Amino acid sequence: MRALRVIVPPLAVLGATLFAAPAALAQDGPSGQAMVQTCYVCHGPDGRSAGPVPALMRGQKEFVVRQMLDFKADRRPATIMNRVAKGYSDEQIAAIADYLASLK
Amino acid sequence: MITTRRAFIAGTAATAALAAPMLARAASGAVVVIGAGFGGATAARHLKKLDPNVEVVLVEREASIVTCPFSNAVLGGSETMPGITRSLDALKSAGIRIVRGEASGIDPQARSVRLADGSRPAYDRLVVSPGIDLNFAGVRGYSEAAAERMPHAWKAGAQTVLLRRQLEAMPDGGTFIVAPPANPFRCPPGPYERVSMVASYFKANKPRSKILVLDAKDAFPKQGLFQAAWQAEFPGMITWVAGKDGGKVESVDPAAMTVKCGFGTQKGDVVNIIPPQRAGAIVHAAGLTTDSGWCPVDPMTFASTRAANIYVVGDASIAGAMPKSGSSANAQAKAAAAAVLASLAGRPAPSPALINICYSLVTPDYGISVTDVYQVSKGKGITPTPNAGGLSVRAPTDLGERKLEAAYARGWYKNISADTWG
(Lines give C-alpha, C1' and ligand atoms only; values in the text may rest on other atoms or scores of the structure.)
Protein backbone atom coordinates (compact mmCIF):
# COMPACT_ATOMS: atom_id res chain seq x y z
CA MET A 1 0.00 0.00 0.00
CA ARG A 2 3.01 2.34 0.07
CA ALA A 3 2.32 4.05 -3.22
CA LEU A 4 -1.39 4.42 -2.60
CA ARG A 5 -0.87 5.90 0.81
CA VAL A 6 1.23 8.68 -0.66
CA ILE A 7 -0.62 9.36 -3.85
CA VAL A 8 -4.22 8.33 -3.32
CA PRO A 9 -5.21 9.28 0.23
CA PRO A 10 -8.90 8.27 0.08
CA LEU A 11 -8.14 4.72 -1.03
CA ALA A 12 -5.21 4.49 1.35
CA VAL A 13 -7.51 5.18 4.29
CA LEU A 14 -9.97 2.57 3.07
CA GLY A 15 -7.17 0.15 2.39
CA ALA A 16 -5.67 0.60 5.82
CA THR A 17 -9.04 -0.15 7.39
CA LEU A 18 -9.44 -3.32 5.34
CA PHE A 19 -5.93 -4.49 5.97
CA ALA A 20 -6.36 -3.94 9.69
CA ALA A 21 -8.76 -6.89 9.60
CA PRO A 22 -6.57 -9.97 9.91
CA ALA A 23 -7.25 -12.97 7.71
CA ALA A 24 -8.54 -14.81 10.79
CA LEU A 25 -11.56 -12.53 10.74
CA ALA A 26 -12.61 -13.98 7.42
CA GLN A 27 -15.93 -15.77 7.83
CA ASP A 28 -15.65 -19.15 9.47
CA GLY A 29 -16.69 -21.20 6.50
CA PRO A 30 -17.15 -20.89 2.76
CA SER A 31 -20.02 -18.83 1.33
CA GLY A 32 -23.03 -20.43 -0.32
CA GLN A 33 -21.66 -19.21 -3.63
CA ALA A 34 -18.26 -20.84 -3.06
CA MET A 35 -19.88 -24.14 -2.04
CA VAL A 36 -22.31 -24.20 -4.98
CA GLN A 37 -19.46 -23.51 -7.42
CA THR A 38 -17.87 -26.82 -6.38
CA CYS A 39 -21.07 -28.65 -7.45
CA TYR A 40 -20.45 -27.70 -11.08
CA VAL A 41 -17.83 -30.40 -11.68
CA CYS A 42 -20.66 -32.94 -11.76
CA HIS A 43 -23.76 -30.81 -12.32
CA GLY A 44 -22.33 -28.48 -14.97
CA PRO A 45 -21.50 -24.75 -14.97
CA ASP A 46 -24.20 -22.86 -13.03
CA GLY A 47 -25.84 -26.24 -12.46
CA ARG A 48 -26.79 -26.65 -16.12
CA SER A 49 -25.94 -30.27 -16.70
CA ALA A 50 -25.29 -31.72 -20.13
CA GLY A 51 -26.64 -34.99 -18.66
CA PRO A 52 -27.05 -37.62 -17.38
CA VAL A 53 -26.18 -36.12 -13.97
CA PRO A 54 -29.29 -34.16 -12.91
CA ALA A 55 -29.16 -30.36 -13.27
CA LEU A 56 -29.28 -28.26 -10.12
CA MET A 57 -32.67 -26.81 -9.18
CA ARG A 58 -32.37 -23.05 -9.30
CA GLY A 59 -34.85 -20.77 -7.58
CA GLN A 60 -36.29 -23.55 -5.38
CA LYS A 61 -34.86 -23.02 -1.94
CA GLU A 62 -37.19 -25.25 0.09
CA PHE A 63 -36.90 -28.09 -2.40
CA VAL A 64 -33.09 -27.99 -2.34
CA VAL A 65 -32.95 -27.90 1.46
CA ARG A 66 -35.30 -30.88 1.72
CA GLN A 67 -33.38 -32.93 -0.87
CA MET A 68 -30.01 -32.23 0.73
CA LEU A 69 -31.29 -33.04 4.24
CA ASP A 70 -32.86 -36.25 2.90
CA PHE A 71 -29.57 -37.23 1.24
CA LYS A 72 -27.68 -36.40 4.41
CA ALA A 73 -29.97 -38.55 6.58
CA ASP A 74 -30.04 -41.39 4.01
CA ARG A 75 -33.80 -40.91 3.63
CA ARG A 76 -33.32 -40.53 -0.12
CA PRO A 77 -31.05 -43.14 -1.69
CA ALA A 78 -28.45 -42.01 -4.22
CA THR A 79 -25.16 -43.16 -5.69
CA ILE A 80 -22.90 -40.40 -4.38
CA MET A 81 -25.05 -37.57 -2.97
CA ASN A 82 -25.50 -39.22 0.45
CA ARG A 83 -21.74 -39.17 0.91
CA VAL A 84 -21.46 -35.60 -0.38
CA ALA A 85 -24.39 -34.16 1.62
CA LYS A 86 -22.91 -35.50 4.86
CA GLY A 87 -20.04 -33.08 4.30
CA TYR A 88 -22.22 -30.05 5.04
CA SER A 89 -23.85 -28.68 8.20
CA ASP A 90 -27.55 -27.82 8.10
CA GLU A 91 -26.55 -24.14 8.07
CA GLN A 92 -24.27 -24.74 5.07
CA ILE A 93 -27.10 -26.56 3.29
CA ALA A 94 -29.31 -23.52 3.87
CA ALA A 95 -26.57 -21.28 2.45
CA ILE A 96 -26.21 -23.56 -0.58
CA ALA A 97 -29.97 -23.46 -1.17
CA ASP A 98 -30.02 -19.68 -0.74
CA TYR A 99 -27.36 -19.18 -3.40
CA LEU A 100 -29.00 -21.66 -5.79
CA ALA A 101 -32.31 -19.87 -5.31
CA SER A 102 -30.64 -16.62 -6.33
CA LEU A 103 -29.35 -18.04 -9.62
CA LYS A 104 -31.41 -17.09 -12.64
CA MET B 1 0.91 -5.67 0.33
CA ILE B 2 2.57 -3.90 -2.53
CA THR B 3 0.55 -1.78 -4.86
CA THR B 4 0.56 -3.04 -8.37
CA ARG B 5 1.49 -0.78 -11.19
CA ARG B 6 -1.87 -1.24 -12.83
CA ALA B 7 -3.82 -0.69 -9.62
CA PHE B 8 -1.66 2.37 -9.06
CA ILE B 9 -2.50 3.81 -12.46
CA ALA B 10 -6.17 2.91 -12.10
CA GLY B 11 -6.22 4.47 -8.65
CA THR B 12 -4.56 7.67 -9.81
CA ALA B 13 -6.94 8.03 -12.71
CA ALA B 14 -9.88 7.41 -10.43
CA THR B 15 -8.74 9.99 -7.93
CA ALA B 16 -8.65 12.56 -10.68
CA ALA B 17 -12.33 11.83 -11.29
CA LEU B 18 -14.32 10.59 -8.32
CA ALA B 19 -13.79 8.43 -5.28
CA ALA B 20 -16.56 5.97 -6.11
CA PRO B 21 -15.26 4.54 -9.40
CA MET B 22 -12.05 3.80 -7.57
CA LEU B 23 -13.81 1.20 -5.48
CA ALA B 24 -15.39 -0.39 -8.52
CA ARG B 25 -12.01 -0.64 -10.17
CA ALA B 26 -10.13 -1.77 -7.11
CA ALA B 27 -10.37 -5.44 -8.00
CA SER B 28 -9.01 -5.00 -11.50
CA GLY B 29 -5.50 -5.97 -12.34
CA ALA B 30 -3.55 -8.28 -14.54
CA VAL B 31 -3.41 -11.98 -13.76
CA VAL B 32 -1.22 -14.33 -15.71
CA VAL B 33 -2.10 -18.03 -15.52
CA ILE B 34 0.46 -20.65 -16.54
CA GLY B 35 -1.05 -23.87 -17.88
CA ALA B 36 -4.50 -24.44 -19.44
CA GLY B 37 -5.20 -27.82 -17.85
CA PHE B 38 -7.94 -28.39 -15.26
CA GLY B 39 -6.34 -25.98 -12.75
CA GLY B 40 -5.21 -23.17 -15.03
CA ALA B 41 -8.24 -23.06 -17.33
CA THR B 42 -10.62 -23.11 -14.36
CA ALA B 43 -8.67 -20.32 -12.68
CA ALA B 44 -8.74 -18.20 -15.84
CA ARG B 45 -12.46 -18.73 -16.45
CA HIS B 46 -13.38 -18.18 -12.83
CA LEU B 47 -11.37 -14.96 -12.56
CA LYS B 48 -13.20 -13.54 -15.57
CA LYS B 49 -16.56 -14.76 -14.32
CA LEU B 50 -16.13 -13.19 -10.89
CA ASP B 51 -14.61 -9.95 -12.22
CA PRO B 52 -14.95 -9.22 -15.95
CA ASN B 53 -12.63 -6.20 -15.49
CA VAL B 54 -9.64 -8.28 -14.54
CA GLU B 55 -7.17 -8.85 -17.37
CA VAL B 56 -6.43 -12.56 -17.72
CA VAL B 57 -3.58 -13.94 -19.78
CA LEU B 58 -3.40 -17.72 -20.07
CA VAL B 59 -0.07 -19.17 -21.15
CA GLU B 60 -0.25 -22.64 -22.69
CA ARG B 61 2.32 -24.66 -24.62
CA GLU B 62 -0.19 -26.78 -26.54
CA ALA B 63 -2.89 -25.77 -29.04
CA SER B 64 -5.45 -27.92 -27.23
CA ILE B 65 -5.62 -30.00 -24.08
CA VAL B 66 -5.76 -33.79 -24.07
CA THR B 67 -7.21 -34.82 -20.72
CA CYS B 68 -5.89 -37.63 -18.57
CA PRO B 69 -9.45 -38.39 -17.39
CA PHE B 70 -10.91 -40.92 -19.82
CA SER B 71 -7.50 -41.56 -21.43
CA ASN B 72 -7.69 -45.00 -19.84
CA ALA B 73 -10.94 -45.53 -21.74
CA VAL B 74 -9.01 -44.72 -24.93
CA LEU B 75 -6.51 -47.43 -23.99
CA GLY B 76 -9.44 -49.83 -23.54
CA GLY B 77 -11.00 -48.80 -26.86
CA SER B 78 -14.26 -47.33 -25.51
CA GLU B 79 -13.21 -43.69 -26.01
CA THR B 80 -11.39 -41.84 -28.78
CA MET B 81 -8.60 -39.23 -28.75
CA PRO B 82 -10.89 -36.48 -30.16
CA GLY B 83 -13.30 -37.39 -27.35
CA ILE B 84 -10.70 -36.42 -24.71
CA THR B 85 -9.33 -33.35 -26.52
CA ARG B 86 -10.53 -29.95 -25.32
CA SER B 87 -10.35 -26.79 -27.40
CA LEU B 88 -9.23 -23.46 -25.90
CA ASP B 89 -11.56 -21.44 -28.18
CA ALA B 90 -14.31 -20.95 -25.57
CA LEU B 91 -11.74 -19.49 -23.18
CA LYS B 92 -10.89 -16.90 -25.82
CA SER B 93 -14.58 -16.11 -26.26
CA ALA B 94 -14.78 -15.54 -22.50
CA GLY B 95 -12.30 -12.67 -22.88
CA ILE B 96 -9.20 -14.55 -21.80
CA ARG B 97 -6.07 -13.80 -23.80
CA ILE B 98 -4.37 -17.06 -24.72
CA VAL B 99 -0.64 -16.88 -25.28
CA ARG B 100 0.68 -19.98 -26.95
CA GLY B 101 4.15 -20.73 -25.69
CA GLU B 102 6.29 -22.35 -23.07
CA ALA B 103 6.85 -20.43 -19.84
CA SER B 104 10.56 -20.78 -19.16
CA GLY B 105 10.90 -18.63 -16.06
CA ILE B 106 9.27 -16.39 -13.49
CA ASP B 107 10.75 -13.14 -12.19
CA PRO B 108 8.96 -12.52 -8.85
CA GLN B 109 10.69 -9.14 -8.38
CA ALA B 110 9.74 -7.72 -11.76
CA ARG B 111 6.49 -9.68 -11.59
CA SER B 112 6.79 -11.04 -15.08
CA VAL B 113 6.82 -14.42 -16.77
CA ARG B 114 9.56 -15.30 -19.25
CA LEU B 115 8.38 -17.12 -22.32
CA ALA B 116 10.55 -19.22 -24.58
CA ASP B 117 10.04 -16.71 -27.42
CA GLY B 118 11.61 -13.96 -25.29
CA SER B 119 8.40 -12.07 -24.45
CA ARG B 120 7.73 -11.23 -20.81
CA PRO B 121 4.07 -10.79 -19.88
CA ALA B 122 3.75 -8.83 -16.61
CA TYR B 123 1.39 -9.73 -13.80
CA ASP B 124 -0.08 -8.30 -10.64
CA ARG B 125 -0.83 -11.84 -9.53
CA LEU B 126 0.36 -15.10 -11.06
CA VAL B 127 -1.46 -18.45 -10.93
CA VAL B 128 0.75 -21.42 -11.76
CA SER B 129 -0.83 -24.74 -12.71
CA PRO B 130 1.97 -26.61 -14.46
CA GLY B 131 0.86 -30.16 -13.69
CA ILE B 132 3.56 -32.79 -13.40
CA ASP B 133 6.95 -33.61 -14.77
CA LEU B 134 7.96 -37.24 -15.03
CA ASN B 135 11.11 -38.21 -13.16
CA PHE B 136 12.48 -40.68 -15.69
CA ALA B 137 15.63 -41.15 -13.60
CA GLY B 138 13.44 -42.52 -10.80
CA VAL B 139 13.45 -45.92 -12.53
CA ARG B 140 16.89 -47.25 -13.52
CA GLY B 141 17.12 -47.85 -17.28
CA TYR B 142 14.06 -45.72 -17.99
CA SER B 143 14.27 -42.50 -20.01
CA GLU B 144 12.29 -40.39 -22.43
CA ALA B 145 13.71 -42.56 -25.22
CA ALA B 146 12.80 -45.74 -23.33
CA ALA B 147 9.23 -44.44 -23.08
CA GLU B 148 8.95 -44.97 -26.84
CA ARG B 149 9.30 -48.71 -26.15
CA MET B 150 7.70 -48.79 -22.71
CA PRO B 151 5.18 -45.91 -22.68
CA HIS B 152 4.24 -44.11 -19.49
CA ALA B 153 1.05 -42.65 -21.00
CA TRP B 154 0.78 -40.58 -17.81
CA LYS B 155 0.51 -37.37 -19.78
CA ALA B 156 -2.31 -37.98 -22.21
CA GLY B 157 -1.53 -37.45 -25.89
CA ALA B 158 0.97 -39.16 -28.18
CA GLN B 159 1.91 -41.56 -25.37
CA THR B 160 -1.73 -42.65 -25.04
CA VAL B 161 -1.90 -43.38 -28.76
CA LEU B 162 1.39 -45.30 -28.61
CA LEU B 163 0.29 -47.51 -25.73
CA ARG B 164 -3.09 -48.16 -27.37
CA ARG B 165 -1.33 -49.24 -30.61
CA GLN B 166 0.94 -51.57 -28.67
CA LEU B 167 -2.06 -53.14 -26.90
CA GLU B 168 -3.85 -53.56 -30.23
CA ALA B 169 -0.76 -55.21 -31.74
CA MET B 170 -0.22 -57.53 -28.79
CA PRO B 171 -1.08 -61.18 -29.54
CA ASP B 172 -3.75 -62.99 -27.54
CA GLY B 173 -2.06 -64.72 -24.63
CA GLY B 174 0.47 -61.90 -24.16
CA THR B 175 1.41 -60.21 -20.90
CA PHE B 176 0.77 -56.53 -20.16
CA ILE B 177 2.91 -55.18 -17.31
CA VAL B 178 1.83 -52.03 -15.46
CA ALA B 179 4.21 -50.48 -12.92
CA PRO B 180 2.65 -47.74 -10.74
CA PRO B 181 4.91 -45.47 -8.67
CA ALA B 182 5.01 -44.69 -4.95
CA ASN B 183 2.87 -41.83 -3.62
CA PRO B 184 2.39 -38.99 -4.26
CA PHE B 185 1.58 -38.93 -7.96
CA ARG B 186 -1.08 -37.70 -10.39
CA CYS B 187 -4.41 -39.54 -10.18
CA PRO B 188 -3.76 -42.17 -7.47
CA PRO B 189 -6.53 -44.58 -8.65
CA GLY B 190 -5.53 -44.07 -12.31
CA PRO B 191 -3.22 -47.07 -12.72
CA TYR B 192 -5.93 -49.42 -11.44
CA GLU B 193 -8.60 -47.94 -13.70
CA ARG B 194 -6.09 -48.43 -16.52
CA VAL B 195 -5.63 -52.08 -15.58
CA SER B 196 -9.44 -52.43 -15.58
CA MET B 197 -9.99 -50.75 -18.95
CA VAL B 198 -7.28 -52.83 -20.60
CA ALA B 199 -8.70 -55.97 -18.96
CA SER B 200 -12.10 -55.11 -20.47
CA TYR B 201 -10.44 -54.87 -23.88
CA PHE B 202 -8.57 -58.15 -23.38
CA LYS B 203 -11.71 -59.93 -22.17
CA ALA B 204 -13.54 -59.05 -25.38
CA ASN B 205 -10.62 -59.39 -27.80
CA LYS B 206 -7.67 -61.29 -26.31
CA PRO B 207 -9.10 -63.37 -23.48
CA ARG B 208 -6.00 -65.51 -22.88
CA SER B 209 -3.89 -62.44 -22.06
CA LYS B 210 -2.60 -61.58 -18.58
CA ILE B 211 -1.99 -58.34 -16.71
CA LEU B 212 0.80 -58.11 -14.15
CA VAL B 213 0.75 -55.08 -11.85
CA LEU B 214 4.15 -54.49 -10.26
CA ASP B 215 3.46 -51.88 -7.60
CA ALA B 216 5.81 -49.73 -5.56
CA LYS B 217 3.03 -49.46 -2.96
CA ASP B 218 1.38 -51.84 -0.51
CA ALA B 219 -2.12 -50.43 -1.01
CA PHE B 220 -4.03 -48.27 -3.49
CA PRO B 221 -7.23 -46.18 -3.58
CA LYS B 222 -10.56 -48.02 -3.97
CA GLN B 223 -8.52 -51.21 -3.61
CA GLY B 224 -11.37 -53.31 -2.20
CA LEU B 225 -13.76 -52.15 -4.92
CA PHE B 226 -11.25 -52.70 -7.71
CA GLN B 227 -10.13 -56.13 -6.55
CA ALA B 228 -13.70 -57.37 -6.00
CA ALA B 229 -14.57 -56.14 -9.49
CA TRP B 230 -11.48 -57.74 -11.03
CA GLN B 231 -12.39 -61.07 -9.48
CA ALA B 232 -15.98 -60.83 -10.73
CA GLU B 233 -15.32 -59.41 -14.20
CA PHE B 234 -11.86 -60.75 -15.14
CA PRO B 235 -11.23 -63.90 -13.08
CA GLY B 236 -7.60 -65.07 -13.29
CA MET B 237 -6.47 -62.29 -15.62
CA ILE B 238 -4.93 -59.75 -13.22
CA THR B 239 -2.10 -60.32 -10.74
CA TRP B 240 -1.25 -57.43 -8.41
CA VAL B 241 2.09 -57.59 -6.58
CA ALA B 242 2.49 -55.21 -3.63
CA GLY B 243 5.75 -53.41 -2.94
CA LYS B 244 6.26 -55.47 0.22
CA ASP B 245 6.03 -58.62 -1.88
CA GLY B 246 8.72 -57.45 -4.29
CA GLY B 247 6.49 -55.51 -6.66
CA LYS B 248 8.59 -52.34 -6.73
CA VAL B 249 10.37 -52.04 -10.08
CA GLU B 250 14.10 -51.55 -9.61
CA SER B 251 15.18 -51.31 -13.23
CA VAL B 252 13.95 -51.80 -16.77
CA ASP B 253 15.58 -53.05 -19.97
CA PRO B 254 13.60 -51.55 -22.84
CA ALA B 255 15.51 -53.49 -25.53
CA ALA B 256 14.71 -56.83 -23.87
CA MET B 257 11.26 -55.61 -22.73
CA THR B 258 12.05 -56.83 -19.23
CA VAL B 259 11.41 -55.35 -15.83
CA LYS B 260 13.47 -56.22 -12.74
CA CYS B 261 11.78 -56.16 -9.35
CA GLY B 262 12.08 -57.98 -6.01
CA PHE B 263 9.73 -60.54 -7.52
CA GLY B 264 12.34 -61.43 -10.20
CA THR B 265 12.82 -60.36 -13.81
CA GLN B 266 9.58 -60.23 -15.74
CA LYS B 267 9.13 -60.04 -19.48
CA GLY B 268 6.20 -58.18 -20.93
CA ASP B 269 4.74 -58.00 -24.41
CA VAL B 270 3.55 -54.50 -23.57
CA VAL B 271 5.09 -52.64 -20.64
CA ASN B 272 3.65 -49.48 -19.06
CA ILE B 273 6.09 -47.78 -16.68
CA ILE B 274 4.53 -44.97 -14.64
CA PRO B 275 7.58 -43.22 -13.21
CA PRO B 276 7.74 -41.06 -10.07
CA GLN B 277 6.68 -37.46 -10.58
CA ARG B 278 7.25 -33.91 -9.39
CA ALA B 279 5.72 -30.53 -10.10
CA GLY B 280 6.17 -29.15 -13.64
CA ALA B 281 9.59 -27.67 -14.43
CA ILE B 282 8.64 -23.98 -14.22
CA VAL B 283 8.11 -24.00 -10.44
CA HIS B 284 11.52 -25.52 -9.69
CA ALA B 285 13.38 -22.77 -11.50
CA ALA B 286 11.27 -20.20 -9.67
CA GLY B 287 12.10 -21.69 -6.27
CA LEU B 288 8.48 -22.50 -5.44
CA THR B 289 9.10 -26.12 -4.36
CA THR B 290 10.38 -27.93 -1.29
CA ASP B 291 12.81 -30.86 -1.47
CA SER B 292 9.73 -33.02 -2.07
CA GLY B 293 9.50 -31.61 -5.59
CA TRP B 294 6.04 -30.11 -4.93
CA CYS B 295 4.87 -26.60 -3.99
CA PRO B 296 3.86 -25.61 -0.46
CA VAL B 297 0.82 -23.30 -0.38
CA ASP B 298 -1.42 -21.53 2.11
CA PRO B 299 -4.38 -23.96 2.30
CA MET B 300 -6.86 -21.08 2.56
CA THR B 301 -5.76 -19.32 -0.63
CA PHE B 302 -3.30 -21.54 -2.54
CA ALA B 303 -0.84 -18.67 -2.35
CA SER B 304 2.73 -19.93 -2.56
CA THR B 305 4.47 -19.83 0.82
CA ARG B 306 7.73 -19.31 -1.12
CA ALA B 307 7.02 -16.18 -3.18
CA ALA B 308 4.64 -13.22 -2.96
CA ASN B 309 1.85 -12.69 -5.50
CA ILE B 310 2.11 -16.26 -6.83
CA TYR B 311 -0.53 -18.98 -6.40
CA VAL B 312 -0.04 -22.66 -7.20
CA VAL B 313 -2.97 -24.98 -7.93
CA GLY B 314 -3.48 -28.50 -9.21
CA ASP B 315 -1.09 -31.43 -9.16
CA ALA B 316 1.93 -29.21 -8.47
CA SER B 317 0.58 -28.01 -5.11
CA ILE B 318 0.87 -29.69 -1.72
CA ALA B 319 -2.81 -29.68 -0.80
CA GLY B 320 -3.12 -31.76 2.36
CA ALA B 321 -5.61 -34.61 1.97
CA MET B 322 -6.65 -33.64 -1.58
CA PRO B 323 -5.46 -36.11 -4.20
CA LYS B 324 -3.78 -34.86 -7.37
CA SER B 325 -6.83 -34.94 -9.64
CA GLY B 326 -8.61 -32.80 -12.22
CA SER B 327 -11.50 -32.38 -9.81
CA SER B 328 -9.17 -31.21 -7.01
CA ALA B 329 -7.47 -28.80 -9.41
CA ASN B 330 -10.85 -27.35 -10.47
CA ALA B 331 -11.86 -26.68 -6.86
CA GLN B 332 -8.44 -25.31 -5.92
CA ALA B 333 -8.44 -22.99 -8.92
CA LYS B 334 -11.79 -21.48 -7.89
CA ALA B 335 -10.49 -20.94 -4.36
CA ALA B 336 -7.31 -19.35 -5.71
CA ALA B 337 -9.25 -17.13 -8.16
CA ALA B 338 -11.41 -15.79 -5.33
CA ALA B 339 -8.30 -15.23 -3.19
CA VAL B 340 -6.50 -13.44 -6.05
CA LEU B 341 -9.40 -11.04 -6.58
CA ALA B 342 -9.69 -10.40 -2.83
CA SER B 343 -5.98 -9.71 -2.69
CA LEU B 344 -6.14 -7.29 -5.63
CA ALA B 345 -9.03 -5.48 -3.94
CA GLY B 346 -7.33 -5.44 -0.56
CA ARG B 347 -10.02 -7.60 1.02
CA PRO B 348 -9.34 -10.59 3.29
CA ALA B 349 -9.44 -13.88 1.40
CA PRO B 350 -12.79 -15.68 1.53
CA SER B 351 -12.92 -19.19 2.99
CA PRO B 352 -12.39 -21.79 0.29
CA ALA B 353 -14.85 -24.57 -0.53
CA LEU B 354 -12.95 -27.69 -1.54
CA ILE B 355 -14.30 -30.99 -2.78
CA ASN B 356 -13.02 -33.91 -4.84
CA ILE B 357 -15.20 -36.17 -6.96
CA CYS B 358 -13.38 -39.12 -8.47
CA TYR B 359 -14.96 -41.76 -10.67
CA SER B 360 -13.16 -44.81 -12.02
CA LEU B 361 -14.43 -47.18 -14.68
CA VAL B 362 -13.86 -50.90 -14.25
CA THR B 363 -15.73 -51.69 -17.47
CA PRO B 364 -17.61 -49.23 -19.69
CA ASP B 365 -20.73 -50.20 -17.66
CA TYR B 366 -19.18 -50.56 -14.22
CA GLY B 367 -18.30 -47.36 -12.37
CA ILE B 368 -17.07 -46.75 -8.83
CA SER B 369 -16.43 -43.49 -7.03
CA VAL B 370 -14.75 -41.86 -4.09
CA THR B 371 -15.46 -38.38 -2.82
CA ASP B 372 -14.47 -36.03 -0.03
CA VAL B 373 -15.72 -32.66 1.13
CA TYR B 374 -12.82 -30.91 2.84
CA GLN B 375 -12.45 -28.70 5.88
CA VAL B 376 -9.74 -26.08 5.69
CA SER B 377 -7.89 -24.31 8.48
CA LYS B 378 -4.57 -22.56 8.83
CA GLY B 379 -3.55 -24.97 11.58
CA LYS B 380 -4.67 -28.35 10.25
CA GLY B 381 -4.57 -27.57 6.55
CA ILE B 382 -6.94 -29.45 4.27
CA THR B 383 -8.61 -32.45 5.94
CA PRO B 384 -11.59 -34.62 4.97
CA THR B 385 -14.84 -33.79 6.77
CA PRO B 386 -15.40 -36.61 9.30
CA ASN B 387 -18.30 -39.01 8.70
CA ALA B 388 -18.73 -37.81 5.11
CA GLY B 389 -17.38 -38.74 1.72
CA GLY B 390 -15.82 -42.12 1.04
CA LEU B 391 -16.34 -44.96 -1.39
CA SER B 392 -19.29 -46.24 -3.42
CA VAL B 393 -21.63 -48.24 -1.25
CA ARG B 394 -23.58 -51.29 -2.48
CA ALA B 395 -20.53 -52.27 -4.52
CA PRO B 396 -19.80 -54.60 -6.12
CA THR B 397 -23.12 -56.33 -5.42
CA ASP B 398 -25.49 -53.90 -7.15
CA LEU B 399 -24.68 -53.97 -10.87
CA GLY B 400 -27.52 -51.52 -11.62
CA GLU B 401 -25.84 -49.00 -9.39
CA ARG B 402 -22.44 -49.72 -10.98
CA LYS B 403 -24.00 -48.98 -14.39
CA LEU B 404 -25.47 -45.74 -13.05
CA GLU B 405 -22.09 -44.68 -11.65
CA ALA B 406 -20.49 -45.44 -15.03
CA ALA B 407 -23.06 -43.15 -16.67
CA TYR B 408 -22.43 -40.48 -14.02
CA ALA B 409 -18.68 -40.81 -14.62
CA ARG B 410 -19.28 -39.80 -18.26
CA GLY B 411 -21.64 -37.05 -17.08
CA TRP B 412 -18.96 -35.80 -14.69
CA TYR B 413 -16.50 -35.68 -17.58
CA LYS B 414 -18.84 -33.65 -19.80
CA ASN B 415 -19.74 -31.23 -17.03
CA ILE B 416 -16.29 -30.69 -15.52
CA SER B 417 -14.99 -30.14 -19.05
CA ALA B 418 -17.66 -27.49 -19.68
CA ASP B 419 -16.95 -25.91 -16.29
CA THR B 420 -13.21 -25.83 -17.01
CA TRP B 421 -12.85 -25.03 -20.71
CA GLY B 422 -16.37 -23.84 -21.56
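Just name the residue that is surrounded by the most Cβ atoms within 10 Å (Cβ to Cβ) out of those in the range B:275-317 that are charged (D, E, K, R) and out of contact with any Lys or Arg (no Cβ under 7 Å at 6 or more places or on another chain). Full working, then the answer.
Let us first name the residues in the range B:275-317 that are charged (D, E, K, R), namely B:278, B:291, B:298, B:306, B:315.
Filter again for out of contact with any Lys or Arg (no Cβ under 7 Å at 6 or more places or on another chain), leaving B:278, B:291, B:298, B:306.
Values: B:Arg278: 21, B:Asp291: 5, B:Asp298: 18, B:Arg306: 17.
That would be B:Arg278.
In the range B:147-163, how many residues are within 13 Å of B:Val270 (Cα to Cα) and of a type in the set (Gly, Ala, Ser)?
Qualifying residue count, the range B:147-163: 2.
Could you look through the range A:28-79, keep only residues that are basic (Lys, Arg) and in a loop (DSSP other than H, G, I, E, B), and pick out the one that is nearest to the other protein chains (Cβ to nearest Cβ)?
The first filter runs over the range A:28-79 and keeps only residues basic (Lys, Arg), leaving A:48, A:58, A:61, A:66, A:72, A:75-76.
Among the residues that remain, those that are also in a loop (DSSP other than H, G, I, E, B) are: A:48, A:58, A:75-76.
On the way: A:Arg48: 8, A:Arg58: 15, A:Arg75: 15, A:Arg76: 14 Å.
Selected residue: A:Arg48.
How many residues does the range B:404-414 contain that are free of Cβ contacts under 8 Å to residues at least 40 places away in the same chain and either touching a Ser or Thr at 6+ places or on another chain (Cβ under 6 Å) or more than 10 Å from chain A (Cβ to nearest Cβ) (or both)?
Qualifying residue count for the region: 1.
How about the range B:108-142: which of its residues are surrounded by 15 or more Cβ atoms within 10 Å (Cβ to Cβ) and closer than 27 Å to B:Lys248 by Cβ?
Restricting attention to the range B:108-142, the residues satisfying the condition of being surrounded by 15 or more Cβ atoms within 10 Å (Cβ to Cβ) are B:108, B:111-115, B:121-136, B:138-139, B:141-142.
Within the range B:108-142, B:Gly131, B:Ile132, B:Asp133, B:Leu134, B:Asn135, B:Phe136, B:Gly138, B:Val139, B:Gly141, B:Tyr142 meet the criteria.
Name the one entry in B:Ala418, B:Ala395, B:Ala407 that is within 20 Å of A:Leu56 (Cβ to Cβ) and in contact with a helix residue (DSSP H, G or I) (Cβ under 7 Å, 6 or more places away or on another chain).
Numbers: B:Ala395 fails: within 20 Å of A:Leu56 (Cβ to Cβ); B:Ala407 fails: in contact with a helix residue (DSSP H, G or I) (Cβ under 7 Å, 6 or more places away or on another chain).
Exactly one residue qualifies, and that residue is B:Ala418.
Test B:Val271 against the stated conditions and say whether it is out of contact with any Asp or Glu (no Cβ under 7 Å at 6 or more places or on another chain) and not in a helix (DSSP H, G or I).
Numbers: out of contact with any Asp or Glu (no Cβ under 7 Å at 6 or more places or on another chain): yes; not in a helix (DSSP H, G or I): yes.
When the stated conditions are applied, B:Val271 passes them.
Among the strands (runs of 3 or more DSSP E) lying completely within the range B:30-81, list those that include at least 3 residues that are more than 14 Å from B:Ala153 (Cβ to Cβ). Outline the logic, then answer.
Numbers: elements: B:30-34, B:55-60, B:64-66.
Filter on the range B:30-81 gives B:30-34, B:55-60.
Would you tally the residues in the range B:300-317 being within 14 Å of another protein chain (Cβ to nearest Cβ) and assigned to a strand (DSSP E or B)?
Here the count works out to 1.
Please enumerate the residues belonging to the range A:80-96 that are among the aliphatic types (A, V, I, L, M) and either surrounded by fewer than 18 Cβ atoms within 10 Å (Cβ to Cβ) or within 7 Å of another protein chain (Cβ to nearest Cβ) (or both).
A:Ile80, A:Val84, A:Ala94
Of the residues B:Gly105, B:Gly95, only one is modelled with pLDDT of 95 or more and within 29 Å of B:Trp412 (Cβ to Cβ); which?
Going through B:Gly105, B:Gly95 in turn, the sole match is B:Gly95.
The values are calculated or read from the model by the stated rules, or taken from the named source; none is laboratory data. Keep in mind that this is a model prediction, so the values were computed, not measured. Counting neighbours? That spans all protein chains shown, and the Cβs are built from the backbone with ideal geometry, glycine included.
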